[in-house]
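No lab work stands behind these numbers, since they all come straight from the coordinates. Note that the structure is predicted; figures quoted are calculated from it, not measured. Here Cβ is always computed from backbone atoms with ideal geometry, including for glycine, and neighbour counts include all displayed protein chains.
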Amino acid sequence: MKETILLLALTFFMIAIALLLYRVIVGPSMPDRAIALDTIGVNLISAIAIVSIVLSTKAFLEAILILGILAFIGTIAFSKYIERGTIVDRKGDS
Amino acid sequence: MTAKEILEWVAVLLVLFGSIISVISAFGLIKLPDVYTRSHAATKSSTLAVLACLLGAFIYFWSHDGYVSIRLILGIIFVFITAPVAGHLICRAAYRSRVQLADGSGDDALKPLLFDGDIAEPTTVVLSDEETDAEEK
């Protein structure tokens with residue numbers, strides 16, 4: 001019973017990721033795509049948590065931290081690129 | 001039912017609650033009209049979904065294995081801190097790259113301060129159907 005509920009929750013997260021993928025592909029502007037990608041990363045974190053419960057292993061818990069950090073840095077880089085047109089500023093070069 | 005079983009059920013129901021909130025947040029991202037309202041759906045409810053899900057995983061490992069996972073606590077704190085920051089930065093970048101507000105929005109008090117006398121066309125907005133038709137003609 002518990003495992004069925006957990007798999008149902010995993011299915012819900014996958015449905016959410018599929019809906020967000022529609023926004024990534026169609027999204028009328030670049031910030032739309034960046035927001036949807038950030039939300040996909042955040043949903044993947046919870047999917048990994050559910051998988052590690054179902055498999056009853058603790059080996060995936062590092063992946064949660066890494067994925068959270070990568071999603072955050074990716075969103076920061078996207079927003080800076082959208083706003084200024086560059087990611088890494090060099091002195092005297094701008 | 002022992003206390004251990006009750007704690008496991010609480011964890012599983014927290015995970016289910018988080019997944020339902022996540023689907024609602026994804027529907028918000030599909031249905032809302034422009035970037036600013038979409039970021040509202042994406043940052044708030046999606047953060048709540050992830051917090052509920054990770055808290056459920058934490059309680060499950062705690063009751064089932066007696067294992068207090070520092071990594072899950074760190075993940076919860078990290079997501080809780082960074083999701084609003086990311087939403088704010090994306091909204092700021094969207095406004096400064098002149099993504100237009102949806103029709104029916106109220107006053108735009110920031111526009112005369114940022115783009116005063118600057119009536120350049122928005123750069124990242126996709127042309128609407130009428131404009132593309134006019135270009136083709």
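Averaged over its residues, how many other protein chain Cβ atoms are within 10 Å of peptide A:72-78's Cβ atoms? All intermediate terms of the calculation are to be shown ahead of the outcome.
Values: counts 8, 2, 1, 8, 6, 0, 4.
That works out to 4 on average.
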- Query: Got a sec to turn the phi values of the stretch B:33-48 into Karplus ³J(HN,Hα) couplings, 6.51 cos²θ - 1.76 cosθ + 1.60 with θ = phi - 60°, whole Hz, x for Gly and Pro?
  - Reply: x, 9, 4, 5, 5, 5, 5, 4, 5, 6, 7, 6, 6, 5, 5, 4
- Query: If each residue's Cβ is checked for other Cβ atoms within 10 Å, how do A:42, B:10 rank with the fewest at the top?
  - Reply: B:10, A:42
- Item | Under 14 Å, Cβ to Cβ, from residue B:24 - net charge with Lys/Arg +1 and Asp/Glu -1 | +3
- Item | Calculated Rg and Dmax of the protein assembly as shown using C-alpha coordinates, Å | 20.5, 75
- Message: I need the phi-derived Karplus couplings for the stretch B:87-100: 6.51 cos²θ - 1.76 cosθ + 1.60, θ = phi - 60°, integer Hz, Gly and Pro marked x.
- Response: x, 5, 5, 5, 5, 5, 5, 5, 5, 6, 8, 6, 6, 6
- Message: How shielded is B:45-55 by partner chains, expressed as the average number of their Cβ atoms within 10 Å of its Cβ atoms?
- Response: 5
- Note: B:56-69 gets an average of partner chain Cβ contacts (10 Å, Cβ to Cβ) equal to 3
- Query: Tell me, B:68, A:88, A:51, B:12 in order of fewest to most beta-carbon neighbours within 10 Å?
  - Reply: A:88, B:68, A:51, B:12
- Item | Nitroxide proxy distance, nm - points 7 Å out along Cα→Cβ at residue B:24 and residue A:2 | 2.6 nm
- Item | In range of the label at residue A:80: residues from the stretch B:77-95 whose backbone nitrogen is under 19 Å from the point 7 Å along Cα→Cβ | B:82-95
